[in-house]
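Here is the structure we will look at.
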Amino acid sequence: MLTEVAYEAIGGIHGAVATTAEQFYTGLPPAQASLARRILLRLVTPGEDDQDTCRPAARAELDTTALTTQPWSWRA
């Protein structure tokens, strides 16, 4: 059972999710990590002097075949 102290020590829900995501990502083989990075970057709009924000993306934009054959640009 996770105690409140332990929950706070790992950074609450944000810390738990970030830690789990980082562990998963670093465990991917290089080709899959590269593809995952490209997909995730398509889902974010970098902030100008502010926080990054979620960006909606059409399923076709996240097509892994297209992502492996086309150069990436977040402004596309």
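Filtering the range 1-31 down to residues that are among the polar types (S, T, N, Q) and assigned to a helix (DSSP H, G or I), which residue is farthest from residue 62 (Cα to Cα)?
19
In the range 32-75, which residue that is assigned to a helix (DSSP H, G or I), of a type in the set (Gly, Ala, Ser) and surrounded by 10 or more Cβ atoms within 10 Å (Cβ to Cβ) is modelled with the lowest pLDDT? Quick ask: steps written out before the conclusion?
At the first step, the residues of the range 32-75 found to be assigned to a helix (DSSP H, G or I) are 32-42, 59-62, 64-69.
Next, only the ones that are of a type in the set (Gly, Ala, Ser) stay: 33-34, 36, 60, 66.
Then keep just the ones that are surrounded by 10 or more Cβ atoms within 10 Å (Cβ to Cβ); that gives 33-34, 36, 66.
Values: 33: 90, 34: 89, 36: 88, 66: 62.
Within the range 32-75, the match that is modelled with the lowest pLDDT is 66.
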**Request:** List every residue pair whose Cβ atoms lie under 9 Å apart, where the two residues are 6 or more positions apart in sequence or sit on different chains, the first residue falls within the range 29-44 and is of a type in the set (Ser, Thr, Tyr), and the second residue, located anywhere, is part of a helix (DSSP H, G or I) and open to solvent by 80 Å² or more (accessible area, probe 1.4 Å).
**Result:** 34/68
**Item:** Hey, residue 11 open to solvent by less than 50 Å² (accessible area, probe 1.4 Å), on the phi > 0 side of the Ramachandran plot and not hydrophobic (A, V, I, L, M, F, W, C) or not
**Value:** yes
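The values are calculated or read from the model by the stated rules, or taken from the named source; none is laboratory data. Nothing here was measured: the structure is a model prediction, and the numbers come from that model. Here the Cβ is made from the backbone with ideal geometry for all residues, glycine too, and neighbour counts use every protein chain on show. These accessible areas exclude ligands, DNA and RNA; they are computed on the full protein's heavy atoms, side chains included. Shrake-Rupley method; radii C 1.70, N 1.55, O 1.52, S 1.80 Å.
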